[in-house]
Amino acid sequence: MIIGGLQRCSFSDYPGRTAAVVFTQGCNFRCPFCHNGPLLAVTGAARYEEREIFDFLKLRRGRLSGVVVSGGEPTEHKDLPQFSARLKALGFKVKLDTNGSRPEMIKLLLKEGLVDYFAMDIKAPLNKYDTLCGVRVDTEAIRQSIALIAAGGVAHHFRTTYVKSLLTESDLLKLGALVPSESKYITQPFVAENAWQAELRGGR
Ligand code: SF4
């Protein structure tokens, strides 16, 4: 894993748990509203060695009950299953934040029981995915990931960052229709000043 950041304690990133957040380096999307610009470069150097992360977590057992693996896009990393298995071996519950572009990785994590909570972004109605993600997106992969997570028997929610200048009310309705009826769905506020794309900073 290439690790670009660590939040040592969060009360809000893992529902119901006090958790550390590990930010993986590298993302295959370039969402203009992204808040994590420094984490996007796929070839970025690691800021933390895995050893440092695990040394820290071993000292926090009993005080933290979960670890959120976020990014960047964690499923870009082939060794994510091994990383998650090590977290679980230390007794932590694992939450994964994902953009849903790698259903084969989600399927493997579900099969091996390596994630206890999924939070998947649904960025846009499928016809606007390329615009909202800044790259060409295989929307069939997005559909597959939604279906896998919804049927996976694991706690989860889907979420959308609502950027008023990029998504219409009609888009939101189409977007909502992508969410399986049994699944929780939230919209999260867009923080303009942190946007990766300069044109969006100062906007809404
Ligand atoms: S918001 Fe988009 S670009 Fe930023 S980390 Fe998530 S998927 Fe990648």
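None of the figures in this text is laboratory data; all of them are computed from the coordinates on show. Not measured: the values here are computed from a predicted model. Note that each Cβ is placed from the backbone with ideal geometry, even for glycine, and that neighbours are counted across all protein chains shown.
Brief remarks on what is shown
- Principal axis dimensions, largest first and in whole angstrom, of the chain by Cα: 48, 36, 28
- Across the range 39-190, Cα pairs under 8 Å and at least six residues apart give a relative contact order of 19 percent.
- Residue exposure proxy: Asp130, Asp55, Asp116, ordered by other Cβ atoms within 10 angstrom of their Cβ from fewest to most, comes out as Asp55, Asp130, Asp116.
- Amide H contacts under 5 Å for Ile3, placed H, 5+ residues apart: Gln25, Arg47, Tyr48
- Dipole magnitude of the range 3-200, debye to nearest 20 (Cβ charges: Lys/Arg +1, Asp/Glu -1, about Cα centre): 580 debye
- The DSSP beta bridges internal to the range 3-200 are antiparallel in roughly 20% of cases.
- Neighbours of Asp121, meaning other residues whose beta-carbon lies under 12 angstrom from its beta-carbon, give a summed charge of 0 when Lys and Arg score +1 and Asp and Glu score -1.
- Qualifying lysines (Cα of each under 20 Å from Cα of Lys88; at least 8 residues distant if same chain): Lys58, Lys78, Lys107, Lys111
- Fewest-first sequence of Lys107, Lys78, Lys128, Lys95 by Cβ atoms within 10 Å of each Cβ: Lys78, Lys107, Lys128, Lys95
- Under the span-like rule (Cα at least 24 Å along the axis, Kyte-Doolittle mean at least -1.0), DSSP H helices of the chain: none
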